[in-house]
Amino acid sequence: MASSPDDLKARLHGLLSEFQAKIERAHTEQELRKVFADYGGSQGAIRVAQKDALKEAPNAEKKAIGQLSNAVVAEVERALEGRLAALHEAERRRDLERTVDVSLPGRVRRLGHLHPTTLVRREIEQIFAQLGFTVAEGPQIETDFHNFEALAMPKDHPARDMQDTFYIEGEPELVLRTHTSPVQIRTMLSGPPPIRIIAPGPVYRKDDDPTHSPMFNQVEGLCVDEGITFADLKGVLLHFAKRFFGEEWGVRLRPSFFPFTEPSAEIDFTCAFCAGSGCRTCKGSGWIEIGGAGMVDPEVFAHVGYDPERYTGFAFGWGLDRMAMLRYHIDDIKLFFDGDVRFARQFK
Ligand SMILES: [Zn+2]
């Protein structure tokens, strides 16, 4: 047993070496603090050695024993602080290396692009906004009433076959809207004329081939007021064609049939591929069919409570994706819905 300051000094020196070896092997703060408690703590080996030495030492040596022990505890504390600091610094460096390597070349941040359908939709909205048309929206799951009945297509009407419909299972009165026309009905039901809206959005039909997709986007326009005529319809369409495609663009209206307009017309625009000179796409005619239009059928006005003697109106509609296909000369509608960024990236 230690019985003199020299013996104690030797014992403490041994403890200090042990301590230093152990904290070198400790790699977490928890391990370090445990090692420290074993040696430098109030119950630690250094204090135990001090107590042992004091028991046997003459009074004259007690002070020296105390000072010696305190000095070794202080050294152990310094060693602990040093190791802790090194540990924290190593952690900080690891974090930095994980997140920032300043020697790496910078990453090029790719900007997203708007989908061609979105670009075309926004442009169409803008052109019609300048004519006083506002954008109206409605639900994509529609009631049979809004999608068919109010548009003069009762249950047995053959025109329903023109639009093969997705019904909601177990809900015979609910359909995925087959056109954006129910938005016209909802708008007219919400207030009296004058009305000038365009309604863009997705619609659904059981179609699936290179030129048809079961989901596609339409835009429709509706204008109702006193004294609206077929000439207003043609004027608005002509204005649009010139603004959207070019000053030399023309519009042709051919007689047709739609249940909710009377009279009805197919809308042809000057062919976007040959600018009217005739090509394979337009079969040499110089015209391309865009969509349908007509004067709102009085029966539709009856469904929404408008007086057909006082008000007249026109409606028109076409495929937004189809309009984008013409604008950008794209021949497969599937490209619009595949979600391939290489496709979207080409439109700025
Ligand atoms: Zn052509």
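The values are calculated or read from the model by the stated rules, or taken from the named source; none is laboratory data. Note that the coordinates shown come from a computational prediction; the quantities given were computed from them, not determined experimentally. Heads up, the Cβs are rebuilt from the backbone with ideal geometry, glycines too, and the neighbour counts pull from every protein chain shown. To get the accessible areas, we keep the full protein, side chains included, count just its heavy atoms, and leave off ligands, DNA and RNA. Shrake-Rupley method; radii C 1.70, N 1.55, O 1.52, S 1.80 Å.
Check residue 327 against each of (1) in contact (Cβ under 8 Å) with a residue 24 or more places away in the chain; (2) surrounded by 21 or more Cβ atoms within 10 Å (Cβ to Cβ); (3) under 37 Å from the mean Cα position of the chain (by Cα) and name the one condition it does not meet.
It is condition (2) that residue 327 fails.
Restricting attention to region 273-292, and to residues there that are hydrophobic (A, V, I, L, M, F, W, C) and more than 6 Å from the ligand (Cβ to nearest atom), which single residue is nearest to residue 314 (Cα to Cα)? Before the answer, list the steps.
First, the residues of region 273-292 that are hydrophobic (A, V, I, L, M, F, W, C): 273-275, 279, 282, 287-288, 290.
Checking which are more than 6 Å from the ligand (Cβ to nearest atom) leaves us with 275, 287-288, 290.
Numbers: 275: 27, 287: 22, 288: 21, 290: 16 Å.
Within region 273-292, the match that is nearest to residue 314 (Cα to Cα) is 290.
For region 48-68, which positions are in contact (Cβ under 8 Å) with a residue 24 or more places away in the chain and open to solvent by 60 Å² or more (accessible area, probe 1.4 Å)?
Step one: of region 48-68, the residues in contact (Cβ under 8 Å) with a residue 24 or more places away in the chain are 49-50, 52-53, 56-57, 61, 64-65, 68.
Listed by number, the list holds a single entry, 56.
Between residues in region 267-284 that are on the phi > 0 side of the Ramachandran plot and assigned by TED's automatic domain parsing to the domain that holds residue 257 and residues that are more than 7 Å from the ligand (Cβ to nearest atom) and open to solvent by less than 20 Å² (accessible area, probe 1.4 Å), which pairs lie under 8 Å by C-beta distance while being six or more apart or on different chains?
What qualifies is 275/246; 276/250; 276/270.
Tell me, yes or no, whether region 156-164 has at least one residue that is at pLDDT below 90, in contact with a His (Cβ under 9 Å, 6 or more places away or on another chain) and surrounded by 12 or more Cβ atoms within 10 Å (Cβ to Cβ).
yes
Scan region 199-241 for residues that are more than 36 Å from the chain's Cα centre (by Cα) and either free of Cβ contacts under 8 Å to residues at least 40 places away in the same chain or not in a helix (DSSP H, G or I) (or both) and jot them down.
Scanning region 199-241 gives 225, 226, 227, 228, 229, 231, 234, 235.
Within region 260-272, how many residues are within 35 Å of the chain's Cα centre (by Cα) and more than 13 Å from the ligand (Cβ to nearest atom)?
The number of residues fulfilling the criteria is 1.
Inspect all residues belonging to region 235-244 and state whether any of them is farther than 15 Å from residue 294 by Cα and charged (D, E, K, R).
Scanning region 235-244, I find at least one residue that is farther than 15 Å from residue 294 by Cα and charged (D, E, K, R), so the answer is yes.
Only one residue in 121, 109, 94 is without any contact (Cβ under 8 Å) to a residue 24 or more places away in the chain and either farther than 30 Å from residue 33 by Cα or touching a Ser or Thr at 6+ places or on another chain (Cβ under 8 Å) (or both), so which one is that?
Values: 121 fails: without any contact (Cβ under 8 Å) to a residue 24 or more places away in the chain; 94 fails: either farther than 30 Å from residue 33 by Cα or touching a Ser or Thr at 6+ places or on another chain (Cβ under 8 Å) (or both).
Going through 121, 109, 94 in turn, the sole match is 109.
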